[in-house]
1. Can you give the net charge of the other residues whose Cβ lies under 15 Å from the Cβ of residue 393, counting K and R as +1 and D and E as -1?
2. Cut-off 10 angstrom, C-alpha nodes, Gaussian network model of the chain. Which of 121, 256, 337 fluctuates the most?
3. Set the Förster distance to 56 Å, then compute FRET efficiency between residue 114 and residue 179 from the Cβ-Cβ distance, nearest 0.05.
4. For a Förster distance of 41 Å, can you work out the FRET efficiency between the beta-carbons of residue 90 and residue 291, rounded to the nearest 0.05?
5. By how many nm would the segment from residue 219 to residue 63 lengthen if fully extended, with 0.36 nm per residue of separation less the alpha-carbon distance?
6. At a 1.4 Å probe radius, carbon and sulfur cover how many percent of the accessible area of segment 165-214?
7. Assigning unit charges at the beta carbon (Lys, Arg +1; Asp, Glu -1) and nothing else, what dipole magnitude in debye, to the nearest 20, does the chain show about its Cα centre?
8. Taking springs between alpha-carbon atoms closer than 10 angstrom, which of 78, 371, 422 fluctuates most in the Gaussian network model of the chain?
Amino acid sequence: MKRARVLRLLPPLALGVGVAAWLISQSEPPGRVDETERSVVARTLMAETAPVRMIVRGYGNVRAARSWEAVSEIAGTIVWRHPDLDTGNVIAAGTKVLQIDPTAYELAVAQAEADLAALEADVAQLEVDKANTDRLLSLEQNRLDLAETELARIRDLVERGIAAQSALDSQERATLQVQRGVEELRNALGLFPSRRIRLDAQKARIQAVLERARRDLDKTDIIVPFDLRIAAVHVERHQFVGTGQKLVTADDIGRAEITAQIPLQSFLRLMGEAGARDAASPAHALEHFDKVDVEVRLVTDISQTWTGKLVRVESALDPQTRSVPAIVIVENPYAGATPPVRLPLVPNMYVELVLTGPELSREVTLPASAIHEGRHVYLRGEDGRLALRDVSVAWWQADRAVIDGGIAPGEEVILDDLMPAIPGMAVIPAGAAE
């Protein structure tokens, strides 16, 4: 039975072998392919030098360049409050926003003025007394001269025996009496300078009291020193406030300030070699700060920008990041504000600062895509073949690398990442391939 089954399979098998043999006999032999050189198409760029400007980005919160905190310098009751004195309102410079009851201080001024007037009257009376004493002294001096003349005459008569001794004694007593009056008047005149000094001292003391009273009276009016925006009001009308109590807190709207944290090396390149050397000297640093362009952008809406100015750096590096705290100011941060289309630059806004330094020396710059593993570039030589080169990157800036060694202007740099990159293989520029 097995043999009969095998015999039944032989005819189909023989037919299949015959068909295969016929197909092989009718097919064409395989063609020959000539071996060609491997090549690759890539984008290229001619290296050239160009002026380099350092661009640094930093972030920070906006704050007012100046803040005003009104503190009561006197005690009293708030008797008047400006109707616009509320949080968020803008108050112009010179506006009175609060008044403390001035009654007690007006009375103090009136009392001091009365005391001063009384002292001035005493000084005037002293001058009159001095003038009267001078006239009396002149008269008494004349009387003394006459008495001494008469005494000399009587003494001569007594010596010649014409007049009695009692007459001489009487004249001597009269002369001594007049002389005593002259000395008393002279002593009185001698006391006038000290009396005047005492009155002048009292007058100076009262004048000081009057000035203090007037100053306290002036302090009853709380006046805004510059254009500002109210941040908080701490008192209400009819409230009693003590000396040293906080009244109003506000921020200057004329100038905003931002602190940008900049890496130390980036800051040195931003300032340039001379600027970095002079940064410690305020007089020289300002000259280099003026060469830095600053653009302030709102992080949540980069279309809103302001022009800033680098004015100074803080005295120490940031203790955590070891970066340079650079201070940027923006003048008139409320100028052109039309919310919600255009916002003012207000405190606590989170912004980006783009600082662009002055032009540095001309250097070769390449796109970041042309640098491989941070130090290799692919070159297309004059023969059109691939060559690998190590380069030295001075620094990276956005999507550009500033090269300070390893490549010369005029060399053709390959921008694409070749896989695999076999030195010596032909490179066809993308433009030529098209």
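1. Details: positive: 269, 375, 389, 400; negative: 363, 373, 390, 399, 404.
Taking every Cβ under 15 Å from that of residue 393, the sum is -1.
2. Comparing 121, 256, 337 in a Gaussian network model of the chain, the most mobile one is 121.
3. 0.80
4. 0.75
5. Residue separation times 0.36 nm, minus the Cα-Cα distance, leaves 53.3 nm.
6. Numbers: 1730 of 3350 Å².
C and S fraction of accessible area: 52 percent.
7. For this selection, approximately 2020 debye.
8. Maximum fluctuation in the GNM of the chain, among the listed residues, is at 422.
The values are calculated or read from the model by the stated rules, or taken from the named source; none is laboratory data. All of these numbers come straight from a predicted model, not from anything done at the bench. Cβ atoms come from the backbone with ideal geometry, glycine included; neighbour counts cover every protein chain shown. Side chains included, ligands, DNA and RNA excluded: accessible areas come from the protein's heavy atoms. Shrake-Rupley method; radii C 1.70, N 1.55, O 1.52, S 1.80 Å.
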